[in-house]
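A quick write-up on the structure given underneath.
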Amino acid sequence: ILILDGAHNPSAGRVLRQTLIDENIKKVIFLWGMLKDKDQKGFIRPLLKFIKRCIIVPLPSERSETPENLFKQIPSKPGFIETSVRRGLQRAAAINGQTPILAAGSLYLVGEIRKIVRRHLD
């Protein structure tokens with residue numbers, strides 16, 4: 001299962017958390033990228049208990065936060081840094097098993113994944 005969500009601020013993070021609860025999703029492989037000017041800590045905080053593994057990627061934008069800086073927001077979670085959204089998605093697919101992949105943090109991220117999936121399906 002691949003879940004795409006454009007959530008990128010604290011209130012959207014709380015809504016996403018509630019959706020995971022409502023859908024009885026206990027753990028996710030979290031594919032994460034965010035812009036520098038967003039409240040990264042406020043966004044990720046309500047989602048931390050759901051993250052089994054985190055894969056952090058740069059966004060296709062000059063405003064992208066570095067994966068290294070995002071990684072500092074989740075020190076207690078096992079995670080990986082990848083060099084692109086495509087590579088992050090590939091890693092998530094390789095490790096997910098039965099755990100859903102949740103991609104969130106930016107509309108840029110969701111848009112890039114949609115392009116990748118469309119190309120793959122064509």
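Counting the residues of segment 65-122 that are surrounded by fewer than 19 Cβ atoms within 10 Å (Cβ to Cβ), in contact with a helix residue (DSSP H, G or I) (Cβ under 7 Å, 6 or more places away or on another chain) and in a helix (DSSP H, G or I) gives 2.
I want to confirm something. Restricting to segment 6-49 and keeping residues that are free of Cβ contacts under 8 Å to residues at least 24 places away in the same chain and among the aliphatic types (A, V, I, L, M), which single residue is surrounded by the fewest Cβ atoms within 10 Å (Cβ to Cβ)? Checking each candidate, the answer is Ile21. Of the strands (runs of 3 or more DSSP E) lying entirely inside segment 1-57, the ones with 3 or more residues being closer than 17 Å to Pro75 by Cα are found at 28-32, 51-56. Only a single criterion out of (1) surrounded by fewer than 16 Cβ atoms within 10 Å (Cβ to Cβ); (2) under 20 Å from Arg119 (Cβ atoms); (3) of a type in the set (Val, Ile, Thr) is not satisfied by Ile3, namely (1).
Values in this text are rule-based calculations from the coordinates and carry no lab data. Only a predicted model underlies this, so the values are computations on that prediction, with no experimental measurement involved. Because the Cβ atoms are built from the backbone with ideal geometry, glycine has one as well, and the counts that use them run over all protein chains shown.
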